1. Is it true that Arg83 is assigned to a loop (DSSP other than H, G, I, E, B), touching a Lys or Arg at 6+ places or on another chain (Cβ under 9 Å) and within 30 Å of Ala109 (Cβ to Cβ)?
2. If Ala81 passes every condition in (1) without any contact (Cβ under 8 Å) to a residue 60 or more places away in the chain; (2) over 21 Å from Ala32 (Cβ atoms); (3) touching a strand residue (DSSP E or B) at 6+ places or on another chain (Cβ under 7 Å) but one, which one does it miss?
3. What single numbered condition from (1) more than 15 Å from the chain's Cα centre (by Cα); (2) over 20 Å from Phe30 (Cβ atoms) fails to hold for Leu44?
4. Do we have any residue at all in the range 89-107 that's in contact with a helix residue (DSSP H, G or I) (Cβ under 9 Å, 6 or more places away or on another chain), closer than 23 Å to Pro134 by Cβ, modelled with pLDDT under 90 and of a type in the set (Val, Ile, Thr)?
5. For the range 80-92, give me each residue that is within 30 Å of Thr23 (Cβ to Cβ) and open to solvent by 30 Å² or more (accessible area, probe 1.4 Å).
6. If you check Tyr61 against the conditions, is it over 15 Å from the mean Cα position of the chain (by Cα) and aromatic (Phe, Trp, Tyr)?
7. Are any residues in the range 26-53 assigned to a loop (DSSP other than H, G, I, E, B), out of contact with any Gly (no Cβ under 9 Å at 6 or more places or on another chain) and in contact (Cβ under 8 Å) with a residue 12 or more places away in the chain, and if so, which ones?
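The values are calculated or read from the model by the stated rules, or taken from the named source; none is laboratory data. Values in this document were obtained by computation on a predicted structure and should not be read as measured data. With ideal geometry, Cβ positions are generated from the backbone for all residues, glycine too; neighbour counts draw on all protein chains shown. Surface accessibility is based on the protein's heavy atoms, side chains included, excluding ligands, DNA and RNA. Shrake-Rupley method; radii C 1.70, N 1.55, O 1.52, S 1.80 Å.
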Amino acid sequence: MDPVDAGHYYGILESRFGIPRSTFDPYLCFRANSQALWIIGRDLELPERPDPYAMGMPFFYVRMRWPRPTTHAACRFGHLATRNTVDLDPGDLGLLLAGTEFAVAPDVAAGVDGNGYVFVRCYGRVMGSGYFRPEGSAGWLKGLCPKRWAVRLGVDVPKDEPADDGSV
């Protein structure tokens, strides 16, 4: 696959999270499919045969209204973020993994610049990403981690239940 210019996506990481573009100098990006941009080390030597089944790491979801870094990218590069990070209490980790929207306190919301994607830390480590929606001095956070991560860790993932509208 041929590399693609990922400058736009590096710019999103720099402007939203404070991660310098130079962080990505050792990497190449390519479109593995129409949905995602993948990243791989420039110095990786791929075998001529057999053709690689997969290479690199999912980096950005690009076919969204607002492109966002993947959970893999958040976990790999999120420690470099200087803004738009949220530090969770361990008790909220299950809510993050389950993709539940939950309230966050003003002290947790203080490091976020309004509506948008955030990197979420717990125990000082980036655990993934979420979508933050401010409300007054506090806000709401919805986890964007893959649901299969919650299942593997034994976190109860709520099922979507139909609204009780009285119909049978």
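1. Details: assigned to a loop (DSSP other than H, G, I, E, B): yes; touching a Lys or Arg at 6+ places or on another chain (Cβ under 9 Å): yes; within 30 Å of Ala109 (Cβ to Cβ): yes.
In short, yes.
2. That leaves (1) as the condition not met.
3. Condition (2) is where Leu44 drops out.
4. Within the range 89-107, one or more residues are in contact with a helix residue (DSSP H, G or I) (Cβ under 9 Å, 6 or more places away or on another chain), closer than 23 Å to Pro134 by Cβ, modelled with pLDDT under 90 and of a type in the set (Val, Ile, Thr).
5. First, the residues of the range 80-92 that are within 30 Å of Thr23 (Cβ to Cβ): 80-90, 92.
Those that are within 30 Å of Thr23 (Cβ to Cβ) and open to solvent by 30 Å² or more (accessible area, probe 1.4 Å): Leu80, Thr82, Arg83, Asp87, Asp89, Pro90, Asp92.
6. Working: over 15 Å from the mean Cα position of the chain (by Cα): no; aromatic (Phe, Trp, Tyr): yes.
In short, no.
7. Within the range 26-53, Ser34, Gln35, Arg42, Asp43 meet the criteria.
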